[in-house]
Amino acid sequence: MHRFGIRYRNWERVMKRVFGRLPRSILPPICLAATLAVPLAIAGCTTSTVPDAQAASNACAKVGQWVDPATKRTLDARALLADLAGKDVVLLGEQHTTKDHHVWQTQTIAALQALNPDIVLGFEMFPRSVQPALDAWISGATTRQEFLKQSRWSEVWGYPPELYMPMFEQARLNRNPMVALNVARTLIAKVGREGWASVAADDREGVTDPAPASFAYRESLAEVFLAKLQHGHSRGDSASDSPAPSLESIMKSEPFANFVQAQVTWDRAMAEALATAKNDNPNALIIGVMGRGHIDYRHGVPHQLSDLGIDNVAVLIPLEAGEDCAAAQPGLADAVFTVDPPAQAEAEKPKPRLGVVIEPVDQGDAGDQGIRIVQVTPNSIAEAAGLFTDDIIVTAAGTQVRQVRDLVEIIQRQAPGTWLPLEIRRGGETLSVVAKFPPLAGADQ
C-alpha cells in the first residue's frame, strides 16, 4: 500500500498533529486537547526562572528550544538528554513531509548516541518483511540505491528518501541496528474492514491482541472518523444526502469499532517490535521514529508498550515555534522541540503527488487486474480528478499497471504542470480520467 503525498492545507487545523500515512480506509487520530494531563516522565530537567507568563512566551517564541508542554517553560537540554539516555524507549514523532522534523530527529539521535552509544533504531517506515534489507544496509553490504530498492521504499513508504537518509546513514556509520516496526498494510486494512477477530492467527504476523483503546483515544478517533464522513459528503459520495451522524452514534457503530481496532493493531505491532528489540538488547536505548498520531498523548504506541510491561518511555515531538507551541496541551508529550513553520523552513519542495493510498488488487478478485485506491487524500490532485475509494487504476499514461511500483514509477516521472491520463474501472464500468499536476509555485504560466 502506498500514499502519494499528504499535504495539510484546508484540513491543516484538523490534521495538524497526525502522521499523515493511512492504511486503506482508516485515518490517523487527530490530537484533541486532553483534559487529563499525563504526568511528565522526564525527571531532573531544570527550567528557566523567569515569571510563568514571560517564560511561556519566551520559550515558545524561539526556535531550537526544548519546552515542557505543561508549563511552557524552557527545559535544560543537557539535563533532559541525560535523563532520556537512561530510558528504555524514546519515541520521536514527526509529520512525514516536514524536513525540519527529520533534521531534529537526526540531531536528537546523535545527541543520545553521544550519551549512550548502545542504541537500536526502530522505524515505522519499514514493514517487517524488509528487515533483511535493513540488516544489509547497516552492515555496509549495500549502496544507497540498493538499500532503497531492496527495502521497497517507493512501494511501502514513498515519501522522498532524502528526508530520512541522514538518519539511515548515521545509523550505518555507527553500526546501530535498524528495526522494521511495521506490518503489511493489508493486515491493517483487513482489520479496518472486518475487525481484528476476522484475521486468522496465522495471518496476524505474530501480533498479539492489542490492549483496548482508552476512551480519550476513542474520542479522538471518532473526531477523525466524523471528519472523514463529512469529507465524503462534501465530495459528493452516494451517502451525501443524509446528515452526518453524531459522535455518540459513531462511537457505537461497527465500522467505527473496526476503525479503532485497525489503529490499535497498528500501534500494537510497532510496540511489540520495540519491546522485542529491548528484550534482545537489554542494555540498549531503543529509539522509535514514527508519525505523531501514534504517540501523542501516549494514546497509541506508548499505551501498548505499557501493556507489554515497558513504562520507562519518553515521548518527544517537534512543534512550530509560536502559536503551536503555546497551544500545546499538558500530556501531549514529555517534551517538545520548537522548529520553524514549514513555510520558513529551508526545505526542497517535493514534486506534486497524486494523493492516494493504493494496493494491488487481490489475486482472488476475478476479472480485476490493476491497483485499487483505498483512500483519496482531501484537496489532492486525485480528488480534483474525480477519483474515488475502490476505483481500480488499470493504466497510467497508456501503460498497464499491475504492481504498486508500476504506478509509483510513473508518478515519480510526472513533471509539474503536466496531465496524466488514467484508465480506471469503477464497478462494471471503464472510465477515462485525467489527473492534472499543477505547475510549481512561481513558475511561468
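Just so it is clear, none of the values below were taken in a lab; they were calculated from the coordinates. Predicted model only: the values in this text are computed from it and were never measured. Backbone-built Cβ (ideal geometry, glycine too); neighbour counts: all protein chains shown.
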Checklist entry - For the range 135-183, which GluC sites (Glu not before Pro) are both in a DSSP coil and crowded by at most 14 other Cβ atoms within 10 Å? => result none
Checklist entry - Around Ala184, which amide H atoms from residues at least 5 apart in sequence, or from another chain, sit under 5 Å from its own amide H, with H modelled in the peptide plane? => result Arg128
Checklist outcome for this item: Other residues with Cβ under 11 Å from the Cβ of Phe225 give, with Lys and Arg +1 and Asp and Glu -1, a net charge of 0
Checklist entry - What number comes out for the charge environment of Pro210, summing +1 per Lys or Arg and -1 per Asp or Glu over other residues with Cβ under 14 Å away? => result -2
Checklist outcome for this item: Dividing the mean separation of Cα pairs under 8 Å (6+ apart) by the residue count of the range 53-163 yields a relative contact order in percent of 18 percent
Checklist entry - Just how large is the dipole of the range 356-436 about the Cα centre, in debye to the nearest 20, putting +1 at every Lys and Arg Cβ and -1 at every Asp and Glu Cβ? => result 280 debye
Checklist entry - Tally Lys/Arg at +1 and Asp/Glu at -1 over every other residue whose Cβ is under 10 Å from the Cβ of Gly140; what's the total? => result +2
Item to check | Inter-label distance, nm, simple model (7 Å from Cα along the C-beta direction), Glu219/Arg402 | outcome: 5.1 nm
Next on the checklist: Going 7 Å from the Cα of Ala111 along its beta-carbon direction, which residues of the range 305-326 have the amide nitrogen within less than 16 Å of the resulting point?
Outcome noted: 314-321
Checklist entry - For Leu75, which sequence-distant residues (separation of 5 or more, or a different chain) have an amide H within less than 5 Å of its own amide H, given hydrogens modelled in the peptide plane? => result Trp66, Val67, Asp68
Item to check | Extension reserve of the Glu162-Thr430 stretch, reckoned as 0.36 nm per residue once the Cα distance is removed | outcome: 92.7 nm
Next on the checklist: If Rh is defined by the Kirkwood formula over all Cα pairs and Rg also comes from Cα, what ratio Rg/Rh do you get for the range 356-436?
Outcome noted: 0.93
Checklist entry - Where does the range 299-343 land on Rg/Rh, using Cα atoms and the Kirkwood Rh? => result 1.09
Next on the checklist: A 27 angstrom limit on the alpha carbon distance is what I want to check against. Which of Lys72/Lys278; Lys87/Lys252; Lys228/Lys252 exceed it?
Outcome noted: Lys72/Lys278; Lys87/Lys252
Item to check | Listed residues Trp104, Ala61, Val89: farthest to the positive end of the dipole of the range 54-120 (Cβ charges) | outcome: Ala61
Checklist entry - According to the square roots a ≥ b ≥ c of the eigenvalues of the Cα gyration tensor, what is the shape class of the range 143-183, taking rounded for a/c under 1.5, prolate for a/b larger than b/c otherwise, and oblate for the remainder? => result prolate
Checklist entry - If you keep only loop residues by DSSP, which trypsin sites (Lys or Arg not before Pro) in the range 61-131 have at most 16 other Cβ atoms within 10 Å of their Cβ? => result Lys62
Item to check | FRET efficiency, 1/(1 + (r/R0)^6) with R0 51 Å, evaluated for Glu254 and Gln145 via beta carbons | outcome: 0.65
